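This report refers to the structure that appears directly beneath it.
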Amino acid sequence: MVKNAFISVSSQEKKGSVEFQVFSFTNKIQRLTSHLELHKKDYLSQRGLRKILGKRQRLLAYLSKKNRVRYKELISQLGIRETKTR
């Protein structure tokens, strides 16, 4: 899902940027998802996955409010769905 072009760009960016944080959360989510496919009853990892998903969702909501263009680029590069608006 994650494209290699974004990895090279994100390594040049600051690690505190919203894009880098969302990118790293996406990698953690993918790792935890594959772990949970093998270990279905690992409830602590499920809790950690839900926490990371919430953090990524809040960061994406912040980026969507601040800069819609950067938000659209990021979700297209990472291959994630756009969050639903209320």
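Residues in the range 62-78 that are open to solvent by 40 Å² or more (accessible area, probe 1.4 Å) and not polar (S, T, N, Q): Y62, K65, K66, R68, V69, R70, K72, E73. Restricting attention to the range 49-71, the residues that are in contact with a Ser or Thr (Cβ under 7 Å, 6 or more places away or on another chain) and among the aromatic types (F, W, Y) add up to 1. A residue that is over 15 Å from Q21 (Cα atoms), open to solvent by 40 Å² or more (accessible area, probe 1.4 Å) and hydrophobic (A, V, I, L, M, F, W, C) cannot be found anywhere in the range 47-59.
Identify, from the list K28, K3, K14, K84, the residue that is at pLDDT 95 or above and open to solvent by 70 Å² or more (accessible area, probe 1.4 Å). Steps first, answer last, please.
Working: K3 fails: at pLDDT 95 or above; K14 fails: at pLDDT 95 or above; K84 fails: at pLDDT 95 or above.
One residue alone meets the criteria, K28.
Residue pairs whose Cβ atoms lie under 8 Å apart, separated by 6 or more positions or on different chains, with the first residue in the range 52-78 and under 14 Å from S24 (Cα atoms) and the second open to solvent by less than 100 Å² (accessible area, probe 1.4 Å) and of a type in the set (D, E), are L74/E19; I75/E82.
The values are calculated or read from the model by the stated rules, or taken from the named source; none is laboratory data. Being a predicted model, the structure only gives us computed values, none of them experimental. As a convention, Cβ positions derive from the backbone with ideal geometry for all residues, glycine included, and neighbour counts pool all protein chains shown. Keep in mind that these areas ignore ligands, DNA and RNA; they rest on the heavy atoms of the full protein, side chains included. Shrake-Rupley method; radii C 1.70, N 1.55, O 1.52, S 1.80 Å.
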